[in-house]
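Trainee: This is the structure, below, for whatever I ask next.
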Amino acid sequence: CALPISPIFTAEIRGAKARAVERGGEFVVLANSTALKRETPGIPQSVADKRKLLIDTGVLVPDPNSEFCRFAQDASFGSPSGASAAIAGRADRGPETWRVEGDGRTYAAWRAGRIGEVGSSTAEELGL
C-alpha cells in the first residue's frame, strides 16, 4: 500500500511566508521559506531552543536587511505546531495556521479528511 503524497501547505504569519510538506512522519518546512527574526516575550523554551539550533547550524539564516530569517534548506519538525512556532517566534496552533496550497483548507481539516479516507478504505478492504 503506497502512502499518499502530501500536499504543499502554506503559512503566513505577520509577513513571514512558509511552505511545508509531510515527509517521513515529520512536518518539513521547505527551503526559501521565511520566519520572523524577533521572538516574542514568553516564547516556550523548546521553541527558542529549536530556533537557536536552526540558526547555529545555518539552516535558518537571519537577513540583516529585514525583519525575517530565511530557511537555507528544508527543516524537519515533529508537528505542524512546532514548525509554525519556529516561524512565528512564539507558540502557535499549527493545525489551524497551515493551509493546503490552492484550496485553503486548514491542515486540521485536511488531516481529518485523510483519516476518514483511510478508515473507509480499510473497512472496504475488510469487507465490512
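Trainee: Any idea which of 12, 22 is assigned to a strand (DSSP E or B), out of contact with any Lys or Arg (no Cβ under 8 Å at 6 or more places or on another chain) and free of Cβ contacts under 8 Å to residues at least 12 places away in the same chain?
Mentor: Working: 22 fails: free of Cβ contacts under 8 Å to residues at least 12 places away in the same chain.
Going through 12, 22 in turn, just one is assigned to a strand (DSSP E or B), out of contact with any Lys or Arg (no Cβ under 8 Å at 6 or more places or on another chain) and free of Cβ contacts under 8 Å to residues at least 12 places away in the same chain: 12.
Trainee: Kindly provide the set of residues from segment 87-115 that are β-branched (Val, Ile, Thr) and surrounded by fewer than 17 Cβ atoms within 10 Å (Cβ to Cβ), ordered by number. Steps first, please.
Mentor: In the first step, residues of segment 87-115 are kept if they are β-branched (Val, Ile, Thr); the result is 87, 97, 100, 106, 115.
Answer for segment 87-115, where residues must be β-branched (Val, Ile, Thr) and surrounded by fewer than 17 Cβ atoms within 10 Å (Cβ to Cβ): just 115.
Trainee: While we're here: Of the residues that sit in segment 65-83 and are without any contact (Cβ under 8 Å) to a residue 60 or more places away in the chain and of a type in the set (Gly, Ala, Ser), which one is surrounded by the most Cβ atoms within 10 Å (Cβ to Cβ)? Quick ask: steps written out before the conclusion?
Mentor: Quick first cut of segment 65-83, residues without any contact (Cβ under 8 Å) to a residue 60 or more places away in the chain only: 65-79, 81-82.
Remaining after also requiring of a type in the set (Gly, Ala, Ser): 66, 72, 75-76, 78-79, 81-82.
Values: 66: 11, 72: 14, 75: 24, 76: 15, 78: 11, 79: 13, 81: 20, 82: 20.
That would be 75.
Trainee: Sticking with this structure for a sec: Among the residues of segment 75-95, count how many are closer than 13 Å to residue 46 by Cβ and basic (Lys, Arg).
Mentor: The number of residues fulfilling the criteria is 1.
Trainee: With respect to residue 56, determine if the residue is acidic (Asp, Glu), open to solvent by less than 90 Å² (accessible area, probe 1.4 Å) and over 19 Å from residue 96 (Cα atoms).
Mentor: No.
Trainee: So, in segment 58-78, how many residues would count as being assigned to a loop (DSSP other than H, G, I, E, B) and within 19 Å of the chain's Cα centre (by Cα)?
Mentor: Of the residues in segment 58-78, 6 are assigned to a loop (DSSP other than H, G, I, E, B) and within 19 Å of the chain's Cα centre (by Cα).
Trainee: Hey, does segment 25-48 have a residue that's part of a helix (DSSP H, G or I) and either in contact with a Pro (Cβ under 6 Å, 6 or more places away or on another chain) or surrounded by 15 or more Cβ atoms within 10 Å (Cβ to Cβ) (or both)? Talk me through it step by step, then tell me what you get.
Mentor: Going through segment 25-48, the residues part of a helix (DSSP H, G or I) turn out to be 45-48.
Adding the requirement that they be either in contact with a Pro (Cβ under 6 Å, 6 or more places away or on another chain) or surrounded by 15 or more Cβ atoms within 10 Å (Cβ to Cβ) (or both) leaves 47-48.
Yes, segment 25-48 contains a residue that is part of a helix (DSSP H, G or I) and either in contact with a Pro (Cβ under 6 Å, 6 or more places away or on another chain) or surrounded by 15 or more Cβ atoms within 10 Å (Cβ to Cβ) (or both).
The values are calculated or read from the model by the stated rules, or taken from the named source; none is laboratory data. Every value quoted in this text rests on a predicted model; they were computed, and no experiment measured them. Using ideal geometry, Cβ is built from the backbone for each residue, glycine included, and neighbour counts are taken over all protein chains shown. Quick note on the areas: whole protein, heavy atoms, side chains included, nothing else; ligands and nucleic acids left out. Shrake-Rupley method; radii C 1.70, N 1.55, O 1.52, S 1.80 Å.
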